[in-house]
Amino acid sequence: MIWNKKMETLPRKQLEQIQIERLQSALNRAYKNVPFYHRIFEQQGIVPEKIGSVADLAHIPFTTKEDLRNNYPYGMFAVPLRDIVRIHASSGTTGKPIVVGYSVNDMRHWAEVVARIMAAGGVTKEDIVQIAFNYGLFTGGFGLHSGAETIGATVIPASSGNSRRQIIIMKDYRTTALVCTPSYALYLAEVMGEMEIRKEQLALRVGLFGGEPCSENMRVEIEQKLDLSATDNYGLSEIMGPGVAGECQEKDGLHLAEDHFIAEIIDPDTGQVLPYGEQGELVLTTLTKEAFPMIRYRTHDITRLNPEPCRCGRSHLRMERVRDRTDDMLIIRGVNVYPSQVESVLTEIEGTSPHYQIVVDRKGPLDELEILVEVKEGFFFDEMKRLRSFKEEIEEKMESALGVSGKIKLVEPKTLERNAGKAQRVVDRRK
Ligand code: DLL
């Protein structure tokens, strides 16, 4: 079902007209109300009224995470605190968190765009939606909650953690839609096994996953283990939270809510805007946000944009699933390595599970790469010889794919830490 048929299927010409009208008022608001933007516009001689097309955005400098940190906590807010009705924050692994605020209208828009991705993912009013994202400063829990309520579904705000209880709730309350990170969905499937609960005992039908990368392989595994149809959903706190983009039933790219956000793809090294279809860093501009407007925010997420009409009828751009972030790139002995490359190699190898961890360390002058790989249940060989050759086979494939050698350490099923949030794939001990 298409939640907002009129808006989501708008012919692109009309959509672009709405974008440019909204862009001018968004720029004006930022200029008038956020000292950071005021300063930049003055310095660069930018006059919001003169931005006559989306392409003109390229004249405006980017906003970076660093800028947000420098304005911690409330410096980027465009409305007084009395008009803010909600605060969220992204934990951030380094430095200060980013604090974001929402006005009443922002909350309304947030619920609307999340309702769209929920409907696109297959959720209807009839569904019982278990939200196993953390409810708190993280935008996942509350964000998805408001969209599910807007649709009129029955919402179970389970929040994250206490996995056994999650499964009992799923079984007893007849949950039909599961909402969490993809890695947590897989973990829940594992715990079900331990509890001897079979997927046939559950009523799951659809799953909305997001908050971290999910490979096609992982999607298939979740779909099989939980017997549901899974969609990928993308968002980030700085822009809004979940609701920025989500897959429809075609599962062929995530529709961006283009009446609320403008997306550009840039070359992360030069900052040049790249044409549709090319891979680069996603840059987002908010069009309707009142409390926390963002102009050309560098997301660090790597993707590409597809303007082709989708079979579902939605006209909004589709972004390819995000597999990597520019800041996740590891440089190991001078070679660039992305976590998704490691995952792709493992996908090809029978017997390995989607649980892995990349550990980089420095012994003396040289970087050392070790990849911990969990083998699937029942796949451990008794014979040392066979185990060794299995390990060597992975090492060889890894080296030829990554261009750098590394040690593979096979670990038993369920050894690597699972958690209810985002999986930690990389441990860089050199920092
Ligand atoms: O993770 C918002 C969200 C919550 C989206 C729940 C979807 C579902 P942050 O904690 O600010 O916000 O983290 C944002 O997470 O820049 C991406 O690097 C990554 N990310 C989010 N969704 C996806 C996804 C939420 N579907 C950062 N695929 C983003 C890949 C994702 N990466």
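We did not get these values from a lab; they are worked out from the coordinates using the rules stated. Note that this is a predicted model, so its numbers are computed, not measured. When we count neighbours, we look across all protein chains shown, and the Cβ atoms used for this are built from the backbone with ideal geometry, even at glycine.
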For segment 1-144, compute Rh as the Kirkwood radius over C-alpha pairs and then the Stokes-Einstein diffusion coefficient at 20 °C and 1.002 mPa s; write the answer in µm²/s, rounded to an integer.
121 µm²/s
Distance between the C-alpha centers of segment 283-353 and segment 8-85? Whole Å please.
23 Å
Which ordering of Leu274, Leu81, Leu204 is given by a fewest-first count of other beta-carbon atoms within 10 Å?
Leu81, Leu274, Leu204
Backbone HN-Hα couplings from phi across segment 118-123 [Karplus 6.51/-1.76/1.60, Hz, Gly and Pro as x]
5, 5, 4, x, x, 7
Quick query: amide H of Lys407 versus all other amide H atoms, modeled in the peptide plane; which residues come in under 5 Å with a sequence gap of 5 or more or a different chain?
Leu369, Glu370, Ile371
On a 31 Å Cα-Cα criterion, which of the cross-link pairs Lys125/Lys199; Lys65/Lys407; Lys96/Lys376; Lys96/Lys391; Lys225/Lys409 come out too long?
Lys65/Lys407; Lys96/Lys376; Lys96/Lys391
Full-extension gain between Thr347 and Gln424, please, as 0.36 nm times their residue separation minus the C-alpha to C-alpha distance.
25.9 nm
Here the FRET efficiency for Lys363 versus Ser340, based on Cβ atoms and R0 = 30 Å and rounded to 0.05, is 0.70
Residue order, fewest to most beta carbons within 10 Å, for Met7, Met76:
Met7, Met76
Which value, in debye to the nearest 20, gives the size of the charge dipole of segment 308-431 about its Cα centre, when Lys and Arg are +1 and Asp and Glu are -1 at the Cβ?
460 debye
Given the candidates Asn336, Val427, Ser389, the one whose Cα lies deepest towards the positive end of the charge dipole of segment 335-428, counting +1 at each Lys or Arg C-beta and -1 at each Asp or Glu C-beta, is Val427
Two-decimal Rg/Rh of segment 259-355 from alpha-carbon positions, Kirkwood Rh?
1.05
Of Val179, Val337, Val206, which has the largest mean-square fluctuation in a 10 Å C-alpha GNM of the chain?
Val337
Residue separation between Asp382 and Glu223 times 0.36 nm, minus their alpha-carbon distance, gives in nm 54.1 nm
Rounded to 10°, Cα long-axis angle of helix 35-44 versus longest principal axis of the chain:
70 degrees
What does the charge count around Asn306 come to, taking other residues whose C-beta lies under 15 Å from its C-beta (Lys +1, Arg +1, Asp -1, Glu -1)?
-2
Cα pair distances exceeding 41 angstrom across the chain, given as percent:
18 percent
Hey, if you put +1 on the Cβ of every Lys and Arg and -1 on every Asp and Glu Cβ in the chain, which of Ala153, Pro61, Phe379 ends up farthest toward the positive end of that dipole?
Ala153
Out of every Cα pair in segment 335-428, what percent are spaced more than 20 Å from each other?
34 percent
How do the peptides 232-240, 105-113 rank, highest first, by the average count of neighbouring beta carbon atoms within 10 Å per residue?
232-240, 105-113
Evaluate 2.2 N^0.38 Å with N set to the residue count of segment 81-326, then give the Cα radius of gyration divided by it.
0.99
Go ahead and run the numbers for FRET between Lys409 and Glu49, Cβ-Cβ distance against an R0 of 45 Å, rounding to 0.05.
0.15
Two decimals is fine: what's Rg over Rh for segment 169-275, C-alpha atoms, Kirkwood radius as Rh?
1.08
So, by mean Cβ neighbours within 10 angstrom, what's the order for 249-259, 411-421, 342-352 with the highest one leading?
249-259, 342-352, 411-421
